[in-house]
Each structure stands twice: as structure tokens, then as C-alpha cells.
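The structure appears right after this line, and notes come after that.
The values are calculated or read from the model by the stated rules, or taken from the named source; none is laboratory data. Just so it is clear, the model here is predicted, and its values are computed rather than measured. Here the Cβ positions follow ideal geometry from the backbone for every residue, glycine too, while neighbour counts run over all protein chains shown. Note: accessible area is taken over every heavy atom of the protein model, side chains too, but ligands, DNA and RNA are not part of it. Shrake-Rupley method; radii C 1.70, N 1.55, O 1.52, S 1.80 Å.
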Amino acid sequence: QVQLVESGGGLVQPGGSLSLSCAASGFTFSNYRMSWYRQTPGMERELVATISSAGSTDYADSMKGRFTISRDNGKKTAYLQMNSLLPENTAVYYCNARRTGGAMMYWGKGTLVTVSS
């Protein structure tokens, strides 16, 4: 059974940091591109950061320099380190896995990040 389980969300003050984790199971993790998306009420889900199976990364412009995506293929886990958080970073963050060169794609259930004083 395929599972993506996010953890690490919560309440943080502006300027603070959070580290999200996405634990994967049920598929060959190393063959999948891993990404983090975010969604706020009434808005479409949008890409935050992505990392290829080979480790190449890319970020939404507003996240560059503050967020870092990484992966540990041995632990089958993807991470998102978020620094210098802003209130506008408040959202539900979703983990996504997409098969490299294929159509298979999986989503986690999301973890809520709230940036507020």
C-alpha cells in the first residue's frame, strides 16, 4: 500500500523555522521525483519545491533562499526545511511523489503550517 505521511507542521512565529518530513512507503522511492506543494483556502495547490531522483532541486521564486528540499533514499523520506517564515507561508503543505519518466503520482494528506505571532 502506497503511503506518503507528512509531519512537522505546526505554529511558528514570523521569522522562525520549521522542518517538514515526508515518509514514503509502498513504492520504489529512489525512482520518484519528490515535491512539496502548498494550498490555502480557495486557492489552487502550488509547487513549493521539487527534487529529482538524482537530487537536482528547484524552487518557487518566493521560496528561493529560504526553503531547502532534500531527500534520503535510504530512509525513503523527503524533507523541506523552511527558514525565515512569513505569515503568507501559512498553508497546508502536501508531499507529492511522481515516477521519473512515468505517470504514477501519489499525494500525502498534508500538514498544516501556521505562521503567526
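Within the shell of other residues whose beta carbon sits under 9 angstrom from the beta carbon of Asn89, the net charge comes to +1, with Lys and Arg scored +1 and Asp and Glu -1. Distance distribution note for segment 63-117: the fraction of Cα pairs above 17 angstrom is 50%. The alpha-carbon atoms of segment 1-112 define a convex hull whose volume equals 100 cubic angstrom per residue. Protein heavy-atom surface of segment 14-117, 1.4 angstrom probe: 49% of the accessible area is carbon and sulfur, with nucleic acids and ligands not counted. Amide H contacts of Gly110 (H built 1.01 Å from N, in plane; Pro and chain starts excluded): Glu6, Cys95 sit under 5 Å, all sequence-distant by 5 or more or on other chains. Oblate is the label for segment 23-72, because a/c, from the alpha-carbon gyration tensor with a ≥ b ≥ c as root eigenvalues, is 1.5 or above and a/b does not exceed b/c. Enumerate the whole-percent occupancy of each 10 Å bin, from 0 to the last occupied one, for all C-alpha pair distances of segment 46-90. Distribution as computed: 26, 53, 20, 1 percent.
Solvent-accessible surface of segment 14-84, taken per residue with a 1.4 Å probe and all protein chains present: 49 Å². Length available on full extension from Trp107 to Ser70: 0.36 nm per residue minus the Cα-Cα distance, which gives 11.6 nm.
Whole-Hz Karplus values for segment 45-50 come out as 5, 10, 6, 9, 7, 9 Hz, taken residue by residue from phi with 6.51 cos²θ - 1.76 cosθ + 1.60 and θ = phi - 60°; glycine and proline positions read x. Rounded to the nearest whole Hz, the Karplus-based 3J(HN,Hα) values (6.51 cos²θ - 1.76 cosθ + 1.60, θ = phi - 60°) of segment 63-78 follow the sequence 9, 4, x, 10, 10, 9, 9, 8, 8, 10, 5, x, 8, 6, 9, 10, with x at glycine and proline.
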